[in-house]
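Structure first, commentary second.
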Amino acid sequence: MSEIKNLKQYSRASERFEGAHLLCPGCAHGMIVREVLNATDYPLLVATSTGCLEVSTAVYPYTSWDVPWIHIGFENSSTAIAGAEAMYKALKRKNRLYSDREPKFVAFGGDGSTYDIGFQFISGCFERGHDFTYVCLDNEVYANTGGQRSGSTPLGASTTTTPAGRVSHGKKDRKKDLLFIMAAHGAPYVAQVAPNKWKDMSKKIKMAIETEGPTFINAMSACTTEWRFPANQTVEMSDLAVDSLVFPLFEIINGRELRITYRPKNVVPVRDYLGAQARFKHLFKPENEYIIVEWQKRVDEYWEYLQRREEAKV
C-alpha cells in the first residue's frame, strides 16, 4: 500500500473493519483498529482478547471483522496469534499452503489484558521471537468490566477500585512504563501512537506489521465513559494528551535506538489535560493540588529522559 497522505484515501481503502459495531460513541478503539487493518496490503490474521473491542464488534450472529479473526480469553490473544503464526510456518515448510500471499499476524488487547492479566503470555511470545504485532488499546482502565484500575491507570485517577474520597485521592501508584519493558525484550520495533496524530500512527503501524519478529504498539485510546469527558471531544482529549507530553510519541528500534516522532510546538500544562477529565476532578481540591505538581514534575523529567536517550543514540 502506498503511503496514505490524507483521510480521503482511507474512505477509498478496502474496509477490513466495518463501522456497524457497538463501541461507545466517542470511543477511540474503532479509529485505531481501522487504521491498523488498513495500514498494509498484506492479508491479516487477527486475534482479540476479551474486552471492550471484542464484546462490541462480535455480537452473535454479527461481526465487524472482514479478516480471519478469533476471540480468545482475556489473557492470551498473543499466544493464540503466535500459534497461528507457528502453524503457518509449519504448513509452509511442508509445502501445504493454498496461497502464495504471505499473511501478517496481529493481536489486540486492552490495557488490562496487556499490562496485567496477559503480560506473561506476551512476554513469552516476544522471548520466543514469534513474527507478529501486538497492539495495546490503552484506555488506562478495565472499562469493559466496571471501571477498575489497571497497571496502566495513572496516579490520582478515581476508579471503582481506587475511588477518590475523604481518605483517598484515587490511585496511589504510577502507570507502568510498558513500552520500555517491551523494548527490553530486544523487540525489533516498539512504538507509542495516538489516533489524533494519524499520519504518525499509520507509519508506525505499517513499520510494526511489516517488520520481521515480535513488534509492539501502545495506542492511547481515550475512554469517554471512564475518563468522563463529552463523547464529541475524543480527538481534543488526544491532543491534550500528546501536547502536554503526558503521552509522548516515540519509537524504539531493536530495543535500543529511541526516536521521538512528535514534538509539540506549544506544550500545554499537565493540569489542562487533567482538568478536562472528571476522573481527576478531585485533584483540584486544595488538599490534593500537590498531586498535580507531582504529575507535572514527573512528565517533565520523563520528557528530558527521552530527549537524552534520543541524543545518545544507544
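The values are calculated or read from the model by the stated rules, or taken from the named source; none is laboratory data. Small disclaimer: the values here were computed from a predicted structure and weren't measured. Backbone-built Cβ (ideal geometry, glycine too); neighbour counts: all protein chains shown. Surface areas here come from the heavy atoms of the whole protein model, side chains and all, with no ligands, DNA or RNA. Shrake-Rupley method; radii C 1.70, N 1.55, O 1.52, S 1.80 Å.
Overview of results
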quantity	calculated
Out of Ser202, Ser221, Ser244, sole residue that is buried (at least 20 other Cβ atoms within 10 Å of the Cβ), farther than 27 Å from Glu311 by Cα and polar (S, T, N, Q)	Ser221
The one condition in (1) part of a loop (DSSP other than H, G, I, E, B); (2) of a type in the set (Phe, Trp, Tyr); (3) in contact with a strand residue (DSSP E or B) (Cβ under 7 Å, 6 or more places away or on another chain) that Phe108 fails to fulfil	(1)
Leading residue by the ranking (farthest from Leu274 (Cα to Cα)) among those in segment 225-241 that are open to solvent by less than 20 Å² (accessible area, probe 1.4 Å) and either touching a Gly at 6+ places or on another chain (Cβ under 6 Å) or hydroxyl-bearing (Ser, Thr, Tyr) (or both)	Thr234
Among (1) in a helix (DSSP H, G or I); (2) open to solvent by less than 50 Å² (accessible area, probe 1.4 Å); (3) farther than 30 Å from Glu102 by Cα; (4) not small (Gly, Ala, Ser), the one test that Thr153 misses	(1)
Exclusive hit being of a type in the set (Ser, Thr, Tyr), touching a strand residue (DSSP E or B) at 6+ places or on another chain (Cβ under 8 Å) and either over 16 Å from Asp200 (Cβ atoms) or modelled with pLDDT under 95 (or both), set Thr234, Thr211	Thr211
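The rows are residues; the columns are (1) open to solvent by less than 30 Å² (accessible area, probe 1.4 Å); (2) in contact (Cβ under 8 Å) with a residue 24 or more places away in the chain.
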| residue | (1), (2) |
| --- | --- |
| Tyr98 | no, no |
| Thr114 | yes, yes |
| Arg128 | no, yes |
| Thr133 | yes, yes |
